[in-house]
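What follows is a single structure, written as structure tokens, with notes after it.
The values are calculated or read from the model by the stated rules, or taken from the named source; none is laboratory data. Only a predicted model underlies this, so the values are computations on that prediction, with no experimental measurement involved. Cβ: placed from backbone, ideal geometry, glycine included. Neighbour counts: every protein chain shown. To get the accessible areas, we keep the full protein, side chains included, count just its heavy atoms, and leave off ligands, DNA and RNA. Shrake-Rupley method; radii C 1.70, N 1.55, O 1.52, S 1.80 Å.
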Amino acid sequence: MNEPASTGNLRAARDQLIALRNDHERAVAEFSWPDVGRVFNWARDWFDCIAEDNDQDAVVILEEDGTRTARTFGQLRESSDRVAASLTAHGIGAGDAVMLMVGNQLELWESMLAIMKIGAIIMPTTTALGREDLADRIERASVRCIIANTKDTGKFEGIASEQVKLCIGPTAAGWIEYHATHAESGPALTQEVGSKDPLLLYFTSGTTSKPKLVEHTNISYPVGHLSTMYWLGLQPGDVHLNISSPGWAKHAWSCFFAPWLAEATVFSYNYSRFDARAFLEVLTRESVTSICAPPTVWRMLLNVELGARPPHLRELIAAGEPLNPEVIARVQEKWGLTIRDGFGQTETTASVGNTPGSLLKPGSMGRPLPGVPVVLVDPLTGTALPPGTAGAGEVSLDLSRSPLTLMTGYIDDPVRDAESRAGGFYRTGDIASIDSDGYITYVGRADDVFKSSDYKISPFELESALIEHPAITEAAVVPAPDPIRQTVVKAYLVLSPGYSPTRETALDIFRFTRSRLAPFQRIRRIEFLDLPKTISGKIRRVELRQRELSLADSRIATEWREDQMEELVSSP
């Protein structure tokens, strides 16, 4: 097929970033976003072009029992055409929202391409949602079509009577069988769409409030994820493993756009329960070159003997929540590779990152990525803080520089959308500091940072210290009401296997943190409790703060207090 100009421009920008993968300063100085024109369909103008006569694996899916499914770029091009033809035959077209609720399976990737080809809007949805959440999302996003596995069709009874419904597997009542309706061969049914037309709808994880509905365009994610590709360090021919569930934006980041922009293979490993030893064996057997995983997975890997570094492994990345320096140091010691973390949101692509070849400063999440106008905004003055400024500001994007990677907006909440763009900046709600070299260090969500005895407390900093204790798997720090200090620092903790929620355990943790934290940061109370989380697995500290307020005048039997431990009261 003839390659359109938009494809050539996108390829040139991609190749420039790959060539500068070890030179962050030059990449930031020289990179500019490619001109893909006013009409741009990534599935047609990029994927189909790189897929023509291409027998490299585009996606490999490995199941826990060893079953392996692989499709080349060329095969996915053809199968997504057939799915596109099927959707068109059922009346789905440009501008229609399609709820895609499937796991890491072949149909996920071919459906995303197909929906894109016909100009419809993809709404990835986690299979963990229940009926109430599904009904809310169907209504708020005006869903026109639903694609789901047969085992999940029952969730839609009574809440999706007007939608076209396709089921993957045996036919369910009121549903159309996904595979049976595919044409034997589908023509290229790609729809010409505007580059700024909507392409993706995502709901945020809702860590502090009701999930927001985010809209992205045909360029903000498909082209904008060049920044993510650069952060991940991906190159043509790589095999990239990302641990993420479909339905969340990070899956599109690292299991779809960024790898295929680099012409790398997406590798997905499905398991019912994470087995660190089996995971390490898979890395070697499948010649994985890069991993992106949440901090919890990295900590679980350190609970077993890592052994020799898998021979093809080159890039280690952490995402989802900030990674504490102790984990980075331990993996570096074992494998000689540095875990690089970064920062982004559902509303954006990767914005800040520790990039390949860059100096890594312990605790920092890196520097602004090429093409992304990141600034820290002073919460008092509303102005950008110069590098090296003392104190902290809100991580933001400078709207005067037209950030290509930013969402269209919160489409059903104009008030919160306006608040997020106040003063000429898109405000992320995350607080950080910036040093003289431009390295940004995460402090916490604006809603999570609090004061104790007039000192500002960063929950992330204290949680990083806590999980260095071998008894602690997860930690969440919140303020607890106190009659003298107004608030004191309390830690909710999840214990590692083999440890019990006893006085002795609490005492040892108090002693441990005393040796690592400044006096004003001291953990004053401890409670062992399963942490409330969003469906995506992020801790909802807001629920813990609310719990503390509701119990302010009560003595919690399961709580351990520093001032009631004689061994600590009598020590300096």
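Considering only segment 346-378, state which residues are closer than 25 Å to Lys538 by Cα and among the small types (Gly, Ala, Ser).
If the condition is that a residue be closer than 25 Å to Lys538 by Cα and among the small types (Gly, Ala, Ser), then Ala350, Ser351, Gly353, Gly363, Ser364, Gly366 are the ones that fit.
Out of the residues in segment 7-19 that are more than 12 Å from Leu226 (Cβ to Cβ) and open to solvent by 10 Å² or more (accessible area, probe 1.4 Å), which is nearest to the chain's Cα centre (by Cα)?
Among those residues, the one meeting the criterion is Ala19.
Exactly one of these conditions fails for Leu376: (1) open to solvent by 20 Å² or more (accessible area, probe 1.4 Å); (2) among the aliphatic types (A, V, I, L, M); (3) not in a helix (DSSP H, G or I). Give me its number.
For Leu376, the failing item is (1).
Give segment 493-513 a look and list any residue that's within 15 Å of Glu527 (Cβ to Cβ) and either touching a residue at least 40 places away in the same chain (Cβ under 8 Å) or open to solvent by less than 40 Å² (accessible area, probe 1.4 Å) (or both), or say none.
Across segment 493-513, the qualifying residues are Leu493, Val494, Leu495, Pro501, Arg503, Thr505, Ala506, Leu507, Ile509, Phe510, Thr513.
Tally time: how many residues in segment 461-481 are modelled with pLDDT under 85 and open to solvent by less than 30 Å² (accessible area, probe 1.4 Å)?
Total meeting the criteria: 1.
Among the residues of segment 99-126, which ones are more than 14 Å from Asn149 (Cα to Cα) and more than 21 Å from the chain's Cα centre (by Cα)?
The answer is Glu110, Ala114, Ile115, Met116, Lys117, Ile118, Gly119, Ala120.
Of these, Arg314, Arg285, which one is without any contact (Cβ under 8 Å) to a residue 12 or more places away in the chain and open to solvent by 50 Å² or more (accessible area, probe 1.4 Å)?
After applying the criteria, what remains is Arg285.
Of everything in segment 553-572 that's in a helix (DSSP H, G or I) and modelled with pLDDT of 70 or more, which residue is surrounded by the most Cβ atoms within 10 Å (Cβ to Cβ)?
Checked segment 553-572; the qualifying residue surrounded by the most Cβ atoms within 10 Å (Cβ to Cβ) is Glu562.
Restricting to segment 80-99, name every residue that is surrounded by fewer than 22 Cβ atoms within 10 Å (Cβ to Cβ) and without any contact (Cβ under 8 Å) to a residue 60 or more places away in the chain.
If the condition is that a residue be surrounded by fewer than 22 Cβ atoms within 10 Å (Cβ to Cβ) and without any contact (Cβ under 8 Å) to a residue 60 or more places away in the chain, then Asp96 is the only one that fits.
Considering Val327, Val304, Val297, Val331, which residue is β-branched (Val, Ile, Thr), assigned to a loop (DSSP other than H, G, I, E, B) and over 29 Å from Ala12 (Cα atoms)?
Being β-branched (Val, Ile, Thr), assigned to a loop (DSSP other than H, G, I, E, B) and over 29 Å from Ala12 (Cα atoms) holds for just one of Val327, Val304, Val297, Val331, which is Val304.
Can you tell me which residues in segment 317-349 are open to solvent by 30 Å² or more (accessible area, probe 1.4 Å), at pLDDT 85 or above and acidic (Asp, Glu)?
Result: Glu333, single match.
Residues to consider are Gly391, Gly336, Gly382, Gly366; find the one that is small (Gly, Ala, Ser), on the phi > 0 side of the Ramachandran plot and within 25 Å of the chain's Cα centre (by Cα).
Matching residue, one of Gly391, Gly336, Gly382, Gly366: Gly366.
Filter segment 235-279 for residues that are farther than 24 Å from Asp55 by Cα, touching an Asp or Glu at 6+ places or on another chain (Cβ under 9 Å) and not charged (D, E, K, R) and give the result.
Matches in segment 235-279: Ala249, Tyr271, Ser272, Ala278.
Quick one: in segment 219-237, of everything that is open to solvent by less than 10 Å² (accessible area, probe 1.4 Å) and assigned to a loop (DSSP other than H, G, I, E, B), which residue is nearest to Leu406 (Cα to Cα)?
Among residues in segment 219-237 that are open to solvent by less than 10 Å² (accessible area, probe 1.4 Å) and assigned to a loop (DSSP other than H, G, I, E, B), the one nearest to Leu406 (Cα to Cα) is Ser220.
Could you grab the pairs with beta carbons closer than 6 Å, sequence gap of 6+ or different chains, first residue in segment 359-379 and over 30 Å from Leu10 (Cβ atoms), second one polar (S, T, N, Q) and buried (at least 23 other Cβ atoms within 10 Å of the Cβ)?
Val377/Ser396
As an exercise: evaluate Arg309 against (1) of a type in the set (Lys, Arg); (2) assigned to a loop (DSSP other than H, G, I, E, B); (3) within 30 Å of Thr217 (Cβ to Cβ) and give the number of the one condition it does not meet.
Unmet condition: (3).
Restricting attention to segment 460-468, does a residue exist that is outside any strand (DSSP E or B), touching a residue at least 24 places away in the same chain (Cβ under 8 Å), among the hydrophobic types (A, V, I, L, M, F, W, C) and farther than 23 Å from Gln546 by Cβ?
Yes, because at least one residue in segment 460-468 is outside any strand (DSSP E or B), touching a residue at least 24 places away in the same chain (Cβ under 8 Å), among the hydrophobic types (A, V, I, L, M, F, W, C) and farther than 23 Å from Gln546 by Cβ.
Select from segment 150-207 the residues that are at positive phi and within 30 Å of the chain's Cα centre (by Cα) and write down the one among them that is modelled with the highest pLDDT.
Gly169
Just give me the residues in segment 514-528 being surrounded by fewer than 17 Cβ atoms within 10 Å (Cβ to Cβ) and either among the aliphatic types (A, V, I, L, M) or on the phi > 0 side of the Ramachandran plot (or both), in sequence order.
Scanning segment 514-528 gives Leu517, Ala518.
Given the criteria among the hydroxyl-bearing types (Ser, Thr, Tyr), part of a loop (DSSP other than H, G, I, E, B), touching a residue at least 24 places away in the same chain (Cβ under 8 Å) and open to solvent by less than 30 Å² (accessible area, probe 1.4 Å), does Thr405 qualify?
So Thr405 passes the test.
Quick grid of which residues meet (1) modelled with pLDDT of 90 or more; (2) farther than 29 Å from Lys212 by Cα; (3) open to solvent by 30 Å² or more (accessible area, probe 1.4 Å):
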site: Thr487; (1), (2), (3): no, yes, yes
site: Ala491; (1), (2), (3): yes, no, no
site: Arg540; (1), (2), (3): no, no, yes
site: Leu549; (1), (2), (3): no, no, yes
